[in-house]
Amino acid sequence: MKLPTISQKYPKLVLRVVMGVIFITHGIARLIYASVADFGSYLNSQGFIIGVFLAWLITFGEIIFGTLLATGNKVRYAIIFHAIVVIMGIFLIHFPNGWFVVGHGSGGVEYSLLILAVLLLLYSSESD
């Protein structure tokens, strides 16, 4: 029995839209729950003297670049922005918590590495 094939176009479209929505919701949640200042304080505690400014920049960046990613506009720029944020999150937050996000640990790197892999695939398949 031959399995049906799927054009690569559609899975990449789904990945791009889903990733965009994930980033958008992270930024919006920070606004809804009024946690931007807390995020900024955390960044300050990690040595970033402009933590609150960075927190606002990241929050609006997640919404703006997430929207660009989801809609297929300026995709490579959106991916670069999100990759930088995810990499910084790995080093500042997730790496010290180990591998697992839930289950045998909490807050680890596995999810962030998956996001980076998806972003790499999307970047490599995007035309200039």
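The values are calculated or read from the model by the stated rules, or taken from the named source; none is laboratory data. The shown structure was predicted, so the numbers you read here are calculated from the model rather than taken from an experiment. For neighbour counting, all protein chains shown are included, and Cβ atoms are generated from backbone atoms with ideal geometry for every residue, glycine included. Heavy atoms of the whole protein, side chains included, go into the accessibility calculation; ligands, DNA and RNA do not. Shrake-Rupley method; radii C 1.70, N 1.55, O 1.52, S 1.80 Å.
Inside segment 75-128, residues that are at positive phi and open to solvent by 70 Å² or more (accessible area, probe 1.4 Å) make up a count of 1. Kindly indicate whether any position in segment 55-67 is out of contact with any Phe, Trp or Tyr (no Cβ under 7 Å at 6 or more places or on another chain), open to solvent by less than 20 Å² (accessible area, probe 1.4 Å) and in a helix (DSSP H, G or I). Within segment 55-67, one or more residues are out of contact with any Phe, Trp or Tyr (no Cβ under 7 Å at 6 or more places or on another chain), open to solvent by less than 20 Å² (accessible area, probe 1.4 Å) and in a helix (DSSP H, G or I).
Within segment 103-117, is even one residue under 21 Å from R30 (Cβ atoms) and among the aromatic types (F, W, Y)? Yes: segment 103-117 contains one or more residues that are under 21 Å from R30 (Cβ atoms) and among the aromatic types (F, W, Y). Entry remark, segment 38-47: residues being touching a helix residue (DSSP H, G or I) at 6+ places or on another chain (Cβ under 6 Å) and either within 20 Å of L120 (Cβ to Cβ) or open to solvent by 60 Å² or more (accessible area, probe 1.4 Å) (or both) number 2 in total.
Scanning segment 1-32 for residues that are outside any loop (DSSP other than H, G, I, E, B) and open to solvent by 100 Å² or more (accessible area, probe 1.4 Å) yields K9, Y10, I32. Here V52 meets each of (1) β-branched (V, I, T); (2) open to solvent by less than 30 Å² (accessible area, probe 1.4 Å); (3) over 12 Å from the mean Cα position of the chain (by Cα) with one exception, condition (2).
When I79 is tested against (1) modelled with pLDDT of 95 or more; (2) farther than 18 Å from V21 by Cβ, exactly one condition is not met: (2). Among residues of segment 10-31 that are at pLDDT 95 or above, those with a Cβ under 6 angstrom from a residue that is acidic (D, E) and in a helix (DSSP H, G or I), sequence gap 6+ or separate chain, pair up as F23/E62; H26/E62; G27/E62. Take G98 and decide whether it is of a type in the set (G, A, S) and at pLDDT 95 or above. For G98, the condition - of a type in the set (G, A, S) and at pLDDT 95 or above - is not met.
Based on this model, can you work out whether L54 counts as within 19 Å of I90 (Cα to Cα) and touching a residue at least 12 places away in the same chain (Cβ under 8 Å)?
Working: within 19 Å of I90 (Cα to Cα): yes; touching a residue at least 12 places away in the same chain (Cβ under 8 Å): yes.
So L54 passes the test.
Does S106 count as within 24 Å of F39 (Cα to Cα), touching a helix residue (DSSP H, G or I) at 6+ places or on another chain (Cβ under 9 Å) and assigned to a loop (DSSP other than H, G, I, E, B)? Steps first, answer last, please.
Numbers: within 24 Å of F39 (Cα to Cα): yes; touching a helix residue (DSSP H, G or I) at 6+ places or on another chain (Cβ under 9 Å): yes; assigned to a loop (DSSP other than H, G, I, E, B): yes.
So S106 fits the description; yes.
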